[in-house]
Amino acid sequence: MNASTEIVSKSAAAIERARALGRPALITYLPAGFPDVQATIDAAVAMAENGADVIEVGIPYSDPVMDGPVIQAATTEALAKGFRVASIFEIVAGITSRCDAAVMVMTYWNPVMRMGVREFSRRLAEAGGAGLITPDLIPDEAAEWFAASDEFGLDRVFLTAPSSTPERVQMTVEACRGFVYCVSVMGVTGARSEVSAATRGVVDAAHEAGAPRACVGLGVSRREHVEEIGAYADGVIVGTALVAALGEGGVPAVAALTAHLSGKDKA
Amino acid sequence: MTTQSPLPDGAADRFLAGEGLRHAPGPYFGEYGGRWMPESLIAALDQLEDTFEKAKADPEFEAEFTDLLLNYANRPSLLTEAKRFAEHAGGVRVFLKREDLNHTGSHKINNVLGQALLAKRMGKTRLIAETGAGQHGVASATAAALFGMECVVYMGEEDTRRQALNVARMELLGATVVPVTAGSRTLKDAINEALRDWVTNVEHTHYLLGTAAGAHPFPAMVRYFHEVIGDEAREQMLAQAGRLPDAVCACVGGGSNAIGIFHGFLDDRDVALYGLEAGGDGVETGRHAATITLGLPGVLHGARTYLMQDEDGQTIESHSISAGLDYPGVGPEHSYLNDIGRATYEPITDTEAMDALRLLSRTEGIIPAIESSHALAGALKVGQRLAERARAEGVDPSEKIVLVSLSGRGDKDMGTAGAWFGLIDEDTARKGE
């Protein structure tokens, strides 16, 4: 999975720490600049303090084709309030200075391309970021990102889906560093009441292709989902439910939901 | 034209070696194109590409497609010489490729029939489409009705209000029109919403993208279905004028009619190609859709191409009186043809386009679509430049020929045109359009 063995993956280390404690890693998402930059930092730190192992911060983008209504509304609001892409480095630095969680940035590709893939990578590494999750970049188009992520020691997390062929899963697993993002369902981000029947197959396919860490995202919103998926996956990714909590109840609500998701509220 | 567009090294070599630019297969056109798409959709793009490649090589598909074009879409479309209009173009001859005479009133029907045939081959029973002004939505709903398929059309909420009559048309044809309230509520957001639907329902749904943009294989495939425009026009020019035109003018939003007509002349080095972009209020105002003229390369909706984007890579909202050209991206093959100098892209303002719309109406008795009026306005400028050069060389301007892609008819635009020229009040315009 990791061609350059000298690079220590921050997200892999965080997931392995969770494994050593006998639980799946909890990866939590929130959009940058919603409702403002300071709130993003505070909410992320609250997540880390309540059991999140990896924090995923999304860059608001004008054309988020993989996002459902809740995350769209949050990122649209952040953009309307004047969010600038360069703030992401301030946010990442703000989080990493206050907690030990690995911080991944989730971004559609054009903002990275616009800044310059190498420049973006340099600044992300400088801010203490772990790497990037790229929902609309497939390894086939990622030559520039391969070079920059190797140069700056960043994780690169690509997605696999229920529709991915075994050949594509193999290629994607080999391209990833840190973990593989297994999309549990054909669709966009958003809370769903049941875990999709396709989930297990996507995780198994990644493991069979040699992925040491396969984490599940899309439609995961409840503690029982975490437990169910955690039985076979290495980590679970929760987004929409936390974004809704942040919108409704601010940082305390995010802290409470994260504690519930991680099981800390019962510990 | 007596002077050629300069071609840079690689392209010039291929061109001179006789390899030519026609039938570029994708996924890349130079550094443009590709598949900047979520992994979830890659399997569907692979299936579409595979189905398309097999269909192209299958005489039965060719026969089916041709039969639909001839006996349903009303092809071949006419080539009409516009003699009175040409008097305003410096005295050169002007010919119109009459895509406005196709069934549903524009070139869009070529592509929807081709893609609906492919959807049938893939066993897909549901078509989804995006639309701005409603022309592609109407064409998609038409194909769905003909093939007995379910059809859902995504349309910006603002456009559904401005184009109430086209919404009614689509619904009468049996389609469901979904108003899009996300983002800027325009064409680009309708595409986003269609992509979200596709990723959710891809098993039985085909996304019938309406222009030669997006992820591979869409740009090469949509061009293939529109190549008939250029192929017919080339033959008709030779038959009617005994020679090829000096210049070809077509409007460019995503650029499907332009790439279709350009394709017929790509390897004819003496034929200059002009893509006319929507200059809106004027490119200096920032309110325009002149993507190639003022945009920068980036990725949107699956392709690397010129984009209207800000310093952060956020898409900038485009503006044009023509809903069909109101798109902040452009097909990747156009980006490539621009960079290698094979085609020239120029902005036309709303005012220039509307003046050309009225001029063609009054000189030829043809009311063109506002989109196509951008091509007509470009033809007036190109014709005047050609005429000037001809005179300088001691040649009669009437020996020069400009071919215009008249991509659609203007009936759909009567609300906008009526209000623009003060023929009807704004309120009536909104209801009637």
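Which of the following residues is more than 27 Å from B:Gln309 (Cα to Cα) and either of a type in the set (Val, Ile, Thr) or under 18 Å from the mean Cα position of the chain (by Cα) (or both): A:Val157, A:Val169?
A:Val169
Collect the residues in region A:230-249 that are in contact (Cβ under 8 Å) with a residue 40 or more places away in the chain and either touching a Leu at 6+ places or on another chain (Cβ under 7 Å) or surrounded by 23 or more Cβ atoms within 10 Å (Cβ to Cβ) (or both), keeping them in residue-number order.
A:Ala233, A:Asp234, A:Gly235, A:Val236, A:Ile237, A:Val238, A:Gly239, A:Thr240, A:Ala241, A:Leu242, A:Val243, A:Leu246
Does A:Pro64 meet the test of being buried (at least 23 other Cβ atoms within 10 Å of the Cβ) and within 10 Å of chain B (Cβ to nearest Cβ)?
Yes; evaluated as a whole, the condition is true for this residue.
Name the one entry in B:Ala290, B:Ala278 that is crowded, with 24+ Cβ neighbours inside 10 Å, of a type in the set (A, V, I, L, M, F, W, C), touching a helix residue (DSSP H, G or I) at 6+ places or on another chain (Cβ under 6 Å) and at pLDDT below 95. Before you say what the answer is, go through the steps one by one.
Working: B:Ala278 fails: at pLDDT below 95.
Among B:Ala290, B:Ala278, only B:Ala290 is crowded, with 24+ Cβ neighbours inside 10 Å, of a type in the set (A, V, I, L, M, F, W, C), touching a helix residue (DSSP H, G or I) at 6+ places or on another chain (Cβ under 6 Å) and at pLDDT below 95.
Output the number of the condition that A:Pro69 fails; it satisfies all remaining conditions of (1) touching a Ser or Thr at 6+ places or on another chain (Cβ under 8 Å); (2) surrounded by fewer than 24 Cβ atoms within 10 Å (Cβ to Cβ); (3) at the interface with chain B (Cβ under 9 Å from one of its Cβ atoms); (4) touching a residue at least 60 places away in the same chain (Cβ under 8 Å).
(1)
Filtering region A:90-114 down to residues that are assigned to a helix (DSSP H, G or I) and within 20 Å of A:Ala14 (Cβ to Cβ), which residue is farthest from the other protein chains (Cβ to nearest Cβ)?
A:Thr96
Could you figure out which of (1) buried (at least 21 other Cβ atoms within 10 Å of the Cβ); (2) closer than 19 Å to A:Ala18 by Cα isn't true of A:Leu218?
Tallying (1) buried (at least 21 other Cβ atoms within 10 Å of the Cβ); (2) closer than 19 Å to A:Ala18 by Cα, A:Leu218 fails exactly one: (2).
Does B:Glu193 satisfy the condition of being in contact with a Phe, Trp or Tyr (Cβ under 7 Å, 6 or more places away or on another chain) and touching a residue at least 60 places away in the same chain (Cβ under 8 Å)?
yes
I want to confirm something. Restricting to region A:72-98 and keeping residues that are surrounded by fewer than 20 Cβ atoms within 10 Å (Cβ to Cβ) and within 17 Å of the chain's Cα centre (by Cα), which single residue is nearest to B:Arg35 (Cα to Cα)?
Checked region A:72-98; the qualifying residue nearest to B:Arg35 (Cα to Cα) is A:Phe89.
So that you can scan it fast, the table gives a plain yes or no per residue for (1) aliphatic (A, V, I, L, M); (2) touching a His at 6+ places or on another chain (Cβ under 9 Å):
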{"position": "B:Ile316", "(1), (2)": "yes, no"}
{"position": "B:Tyr327", "(1), (2)": "no, no"}
{"position": "B:Gly331", "(1), (2)": "no, no"}
{"position": "B:Gly341", "(1), (2)": "no, no"}
{"position": "B:Tyr345", "(1), (2)": "no, yes"}
{"position": "B:Asp355", "(1), (2)": "no, no"}
{"position": "B:Thr363", "(1), (2)": "no, yes"}
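So which residues in region B:36-55 are of a type in the set (Gly, Ala, Ser) and buried (at least 23 other Cβ atoms within 10 Å of the Cβ)? So that I can check it myself, show each step before the final result.
Filtering region B:36-55 for residues of a type in the set (Gly, Ala, Ser) gives B:40, B:43-44, B:55.
Across region B:36-55, the qualifying residue is only B:Ser40.
Please go through region B:333-374 and give me each residue that is hydrophobic (A, V, I, L, M, F, W, C) and in contact with a Phe, Trp or Tyr (Cβ under 8 Å, 6 or more places away or on another chain), ordered by number.
B:Leu337, B:Ala343, B:Met354, B:Leu359, B:Leu360
Give region A:115-139 a look and list any residue that's within 14 Å of chain B (Cβ to nearest Cβ), touching a residue at least 24 places away in the same chain (Cβ under 8 Å) and in a helix (DSSP H, G or I), or say none.
If the condition is that a residue be within 14 Å of chain B (Cβ to nearest Cβ), touching a residue at least 24 places away in the same chain (Cβ under 8 Å) and in a helix (DSSP H, G or I), then A:Met115, A:Val117, A:Phe120, A:Arg123, A:Pro139 are the ones that fit.
I'd like to check something: does region B:107-128 contain any residue that is small (Gly, Ala, Ser) and modelled with pLDDT under 95?
No: zero hits.
Output the strands (runs of 3 or more DSSP E) that fall wholly within region B:144-252 and possess 1 or more residues being over 21 Å from B:Gln115 (Cβ atoms) and in contact with a Ser or Thr (Cβ under 7 Å, 6 or more places away or on another chain), or say none.
Where strands (runs of 3 or more DSSP E) fall fully within region B:144-252 and carry at least 1 residues being over 21 Å from B:Gln115 (Cβ atoms) and in contact with a Ser or Thr (Cβ under 7 Å, 6 or more places away or on another chain), they are B:150-156, B:176-180, B:247-252.
Residues to consider are B:Tyr207, B:Tyr154; find the one that is within 14 Å of another protein chain (Cβ to nearest Cβ) and either under 25 Å from B:Ile261 (Cβ atoms) or touching a Leu at 6+ places or on another chain (Cβ under 6 Å) (or both). Write out each step before concluding.
Details: B:Tyr154 fails: either under 25 Å from B:Ile261 (Cβ atoms) or touching a Leu at 6+ places or on another chain (Cβ under 6 Å) (or both).
The unique qualifying residue is B:Tyr207.
Being away from chain A (no Cβ under 13 Å), of a type outside the set (D, E, K, R) and over 20 Å from B:Leu127 (Cβ atoms) is the filter here, so list the residues in region B:38-57 that pass it.
Within region B:38-57, just B:Ala57 meets the criteria.
Restrict the check to region B:244-257 and report whether at least one residue is over 16 Å from the mean Cα position of the chain (by Cα) and buried (at least 23 other Cβ atoms within 10 Å of the Cβ). Show your work before the answer.
From region B:244-257, those over 16 Å from the mean Cα position of the chain (by Cα) are B:244-247; that's our starting set.
Right, trim to buried (at least 23 other Cβ atoms within 10 Å of the Cβ) and you get B:245, B:247.
Yes - at least one qualifying residue is present in region B:244-257.
If I ask for residues that are free of Cβ contacts under 8 Å to residues at least 60 places away in the same chain, outside any helix (DSSP H, G or I) and hydrophobic (A, V, I, L, M, F, W, C), which ones from region A:155-208 would you list?
Passing the criteria: A:Phe158, A:Leu159, A:Ala161, A:Val180, A:Cys182, A:Val183, A:Val185, A:Met186, A:Val195, A:Ala197, A:Ala198.
Among the candidates B:Ala17, B:Ala11, single out the residue that is crowded, with 18+ Cβ neighbours inside 10 Å, more than 22 Å from the chain's Cα centre (by Cα) and modelled with pLDDT under 95.
Numbers: B:Ala17 fails: crowded, with 18+ Cβ neighbours inside 10 Å.
Criteria check complete, one pass: B:Ala11.
Report whether or not A:Ser149 is buried (at least 19 other Cβ atoms within 10 Å of the Cβ), in a helix (DSSP H, G or I) and among the hydroxyl-bearing types (Ser, Thr, Tyr).
On the way: buried (at least 19 other Cβ atoms within 10 Å of the Cβ): yes; in a helix (DSSP H, G or I): yes; among the hydroxyl-bearing types (Ser, Thr, Tyr): yes.
Yes.
Picking from B:Ser405, B:Ser398, B:Ser320, which residue would you name as being in a loop (DSSP other than H, G, I, E, B), of a type in the set (S, T, N, Q) and touching a residue at least 24 places away in the same chain (Cβ under 8 Å)? Can you show your working first?
Numbers: B:Ser405 fails: in a loop (DSSP other than H, G, I, E, B); B:Ser398 fails: in a loop (DSSP other than H, G, I, E, B).
None of the others qualify; the one that does is B:Ser320.
Please work out if B:Gly137 is at positive phi and either in a loop (DSSP other than H, G, I, E, B) or touching a residue at least 12 places away in the same chain (Cβ under 8 Å) (or both). Show your work before the answer.
On the way: at positive phi: no; either in a loop (DSSP other than H, G, I, E, B) or touching a residue at least 12 places away in the same chain (Cβ under 8 Å) (or both): yes.
In short, no.
Restricting attention to region A:31-57, which residues are closer than 15 Å to A:Lys81 by Cβ and outside any helix (DSSP H, G or I)?
A:Pro31, A:Ala32, A:Gly33, A:Phe34, A:Pro35, A:Asp36, listed by residue number.
Restricting attention to region B:23-37, which residues are hydrophobic (A, V, I, L, M, F, W, C) and either within 12 Å of chain A (Cβ to nearest Cβ) or in a helix (DSSP H, G or I) (or both)?
Pass one, region B:23-37, residues hydrophobic (A, V, I, L, M, F, W, C): B:24, B:29, B:36-37.
If the condition is that a residue be hydrophobic (A, V, I, L, M, F, W, C) and either within 12 Å of chain A (Cβ to nearest Cβ) or in a helix (DSSP H, G or I) (or both), then B:Trp36, B:Met37 are the ones that fit.
Could you tell me which numbered condition B:Ser184 fails, if it satisfies all but one of (1) touching a residue at least 12 places away in the same chain (Cβ under 8 Å); (2) surrounded by fewer than 24 Cβ atoms within 10 Å (Cβ to Cβ); (3) of a type in the set (S, T, N, Q); (4) more than 23 Å from B:Ser320 (Cβ to Cβ)?
(4)
Identify, from the list B:Met308, B:Met354, the residue that is within 14 Å of another protein chain (Cβ to nearest Cβ) and either out of contact with any Cys (no Cβ under 7 Å at 6 or more places or on another chain) or not polar (S, T, N, Q) (or both). Spell out the reasoning first.
Values: B:Met354 fails: within 14 Å of another protein chain (Cβ to nearest Cβ).
Exactly one residue qualifies, and that residue is B:Met308.
The values are calculated or read from the model by the stated rules, or taken from the named source; none is laboratory data. These numbers come from a predicted model, not from an experiment. With ideal geometry, Cβ positions are generated from the backbone for all residues, glycine too; neighbour counts draw on all protein chains shown.
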